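The values are calculated or read from the model by the stated rules, or taken from the named source; none is laboratory data. On a predicted model such as this, the values are computed, not experimentally measured, just so you know. Neighbour counts are summed over all protein chains in view; Cβ atoms, including those assigned to glycine, are modelled from backbone coordinates with ideal geometry. For the accessible areas, the whole protein counts, side chains as well, though only heavy atoms, and no ligand, DNA or RNA atoms are used. Shrake-Rupley method; radii C 1.70, N 1.55, O 1.52, S 1.80 Å.
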Amino acid sequence: MIESAIACAAVLVAFALARRLSDRFGHPPLLSPVLVASLMVAGGLALLHVPVAQFEAAAWPLRWLLGPALVALATVIAGNAAMLKGRLPAVLGAVGGGTAFGIGTAVAMARMLGLAPDLRQALAVKTVTSPFAIVIMRSLAGPVALAAALAVLTGVIGALTVIPLLGRLGIEDPITKGLATGVSSHIVGTEALASRDARAGAASALAMVLTGLFAALLLPLAWAAT
Amino acid sequence: MGSLAGNLPGAALCCALATAGDWLAVRLGLPVPGAVIGLAVYLLWLLAGQHVASSSIAWSRPGAALLLRWLGALIVPALVGLSAYAAILAGALLPLVLLLILTTVATALVTAGLYRLLGGAR
């Protein structure tokens with residue numbers, strides 16, 4: 001009980017500090033608060049000689065709260081529903097197709113490169129924002145930590161590559177930019193985009209949650225192929 | 001930062017929906033995560049509230065926003081567990097990073113292309 005309180009408090013304090021750090025430097029993708037907070041906690045555990053397994057067991061309240069927080073993502077879709085007016089089929093088609101493509105190419109390329117089964121399974125959710133990746137992996141009994149890490153890394157890579165590329169290709173329409181970023185680079189990409197263009201950021205957030213929903217429905221069917 | 005009383009109803013609703021979703025998924029043997037079922041129910045409820053005033057659950061928004069504000073912290077325990085995979089990762093670092101870059105950029109371009117193809121961008 002006391003252990004859980006300490007573990008949760010440590011994570012919350014680390015995350016608050018990491019968020020402040022990210023705010024101060026204008027949200028660069030490499031200073032993603034999730035990434036920095038995780039490094040701080042991992043460093044703290046190593047310094048204090050606390051086994052990771054002991055910390056993981058103690059942090060169960062945070063793990064449990066991920067489910068309710070995922071439910072709360074519904075407000076992101078509802079809040080941007082006006083954006084879907086008149087373009088619902090195009091948005092759903094683009095996000096659904098992009099999600100299937102993202103899952104399919106990652107799994108196919110992982111097989112081609114002969115990556116380990118754990119990596120192949122984790123890569124199946126790389127195009128999904130980490131809360132969805134974790135929840136999906138838990139229900140499919142896949143490698144949760146690996147999936148979460150590859151999802152965050154994908155977001156960082158996407159923010160650094162996709163956003164400049166879309167600009168270079170002359171794609172100006174904020175919704176096109178947002179959907180492409182949200183499906184491929186989820187939260188880190190969304191935050192980077194939102195700081196430059198609020199409308200594109202909103203489209204990206206919407207696409208990110210829709211991608212998670214599509215993946216949660218598609219992956220159980222495609223799981224055997226990973 | 002809202003008050004406890006302002007945040008509690010929405011946070012409690014999200015917890016209840018996630019729990020009910022988990023229960024339903026196990027009970028019916030659904031392959032979809034329970035929290036995703038909870039999300040779908042909450043979304044339908046929110047959308048209904050935008051059209052029918054009597055079904056509005058605007059009261060739930062502060063609590064939901066509080067959960068989302070701390071969503072990143074809830075990912076941290078999973079990421080800290082990554083050390084168990086250090087050997088697998090170190091052995092495949094270069095192909096892995098290449099794969100991530102290629103598939104991420106390709107996915108973005110396919111999504112943008114599909115949206116144009118389907119007549120979204122005018």
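Table for the structure above
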| read-out | value |
| --- | --- |
| Qualifying positions in region A:139-153 - in a helix (DSSP H, G or I) and either open to solvent by less than 10 Å² (accessible area, probe 1.4 Å) or within 18 Å of residue B:83 (Cα to Cα) (or both) | A:144, A:145, A:146, A:147, A:148, A:149, A:150, A:151, A:152, A:153 |
| Residue in region A:121-133 that is part of a helix (DSSP H, G or I), open to solvent by 10 Å² or more (accessible area, probe 1.4 Å), under 14 Å from residue B:102 (Cα atoms) and at the interface with another protein chain (Cβ under 8 Å from one of its Cβ atoms) present | no |
| Helices (runs of 4 or more DSSP H) enclosed by region B:48-122 - at least 1 residues per element that are within 7 Å of chain A (Cβ to nearest Cβ) and either at pLDDT 95 or above or in contact with a Ser or Thr (Cβ under 9 Å, 6 or more places away or on another chain) (or both) | B:61-69, B:71-80, B:93-117 |
| Counted residues, region A:61-120 - those being assigned to a helix (DSSP H, G or I), over 22 Å from residue A:146 (Cα atoms) and open to solvent by 50 Å² or more (accessible area, probe 1.4 Å) | 5 |
| Matching residues, region B:1-20, being out of contact with any Gly (no Cβ under 6 Å at 6 or more places or on another chain), at pLDDT 95 or above and open to solvent by less than 50 Å² (accessible area, probe 1.4 Å) | B:13, B:14, B:15 |
| Where residue B:23 falls short, out of the listed (1) assigned by TED's automatic domain parsing to the domain that holds residue B:3; (2) modelled with pLDDT under 95 | (2) |
| Complete set of residues in region A:154-179 that are open to solvent by 30 Å² or more (accessible area, probe 1.4 Å) and either part of a loop (DSSP other than H, G, I, E, B) or among the aromatic types (Phe, Trp, Tyr) (or both) | A:169, A:170, A:172, A:173 |
